[in-house]
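The block underneath contains the structure these notes are about, expressed in structure tokens.
Throughout, read-outs are computed from the coordinates displayed, never taken from laboratory work. Note that this is a predicted model, so its numbers are computed, not measured. All Cβ positions, glycine included, derive from the backbone under ideal geometry; neighbour counts span all protein chains shown.
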Amino acid sequence: MTSHTDETGFDRPITFTLSHEDARGRVVRLGPVLDTILSAHAYPPVAEKVLAEALVLTALLGSTLKEPGDQLTMQAQTDNGAISLLVCDYIGGKLRGYLSFDAERLVEAGADPTLFGLFGKGFLALTFESAGNRYQGIVPLEGASLSEAAEQYFRQSEQLPTVIRVATRHDAGAKCIAGGVLVQSLAVGEEGGERLEVRGERVHADAVWGHVATIAETIRDEELTDPGLSLEALVWRLYHDEQEVRVAKGDMLSRGCRCSVDYLASVIARFPQGERAEMAGDDGKISVDCAFCSRIFSIDPDAIPAAH
């Protein structure tokens, strides 16, 4: 196994391929980026944990995208849960996330609520956008966690056997750390995945995947969140007995809120002059509140070009 470890072990996913087992994986540990995103809002512990898990999932799934402009958006929504909306997205190594919740209902859900206790009857939507094409898969919010709901998405929408494990904790300085691993059977035609089909060895392939999945399921929460354990060492700990493990670094992650005065002005410019005038407050400015970064932007409508 070739070393590709970054110095901190935070905020940089690594990819790994088990070429002889026709499987691939991603592992990531979020630290400073996660703290930056969470610190924009005073989330209670339960909400913070859910958003941290969602951001890890988004980083894991987003790191599978191939082109810099490709985007993944994950959204969980319900009309009757303590958490009414959760949105995270990833584009070019930039990560952002936000959730809205009912404070009283969140307290009623307890310190360790079930997924149903948090969301009630809701759905999880994963949207992939690449080269102008858009694909969305939707599954019910079922299972013990968002990770299990995401596994269900891959089983139903992609027919792709998948294991996902995510863990969160707080360090001595009360900073949130979250880590996760995603392991998948390679789709037919991907780097050897077709070979098993051609040989008619589907039963053998299922047994091999069962072996890979069982190992992935042994990972412990403390391993995923321990900054003293490099991600490469974690992969080696899991799969050192396999014939070949290829490891590579992904993009460094950063907080990716794309709001700016210029960007928001370009969006407002799409509205007719009359509607823009109605958006303005008593001071004559249009105030835009970004839910992701919790900042308010003041836009001068007179400085925006007329819509065409």
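Table for the structure above
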item	result
Over the stretch 261-303, relative contact order from alpha-carbon pairs under 8 Å, at least 6 apart, %	35 percent
Relative contact order [Cα under 8 Å, 6+ residues apart], the chain, whole percent	24 percent
GNM top mover of 219, 37, 268 - the chain, alpha-carbon springs below 10 Å	268
Exposure proxy order (Cβ contacts within 10 Å, fewest to most) of 279, 74	279, 74
Fluctuation leader among 152, 71, 243 - the chain, Gaussian network, Cα springs under 10 angstrom	243
Neighbour-count ranking [beta-carbon atoms within 10 angstrom, fewest first] of 94, 249	249, 94
For the chain, calculated [θ]222 nm from helices alone, where every DSSP H run of n ≥ 4 adds -39500 (n - 2.57)	-9000 deg cm²/dmol
Those Cys residues of the chain for which no other cysteine Cβ falls under 4.7 Å	88, 176
Ascending count of other beta-carbon atoms within 10 Å, so fewest first, for 276, 26	276, 26
Cut-off 15 Å (backbone N to label point 7 Å along Cα→Cβ of residue 213), residues of the stretch 140-158	148-158
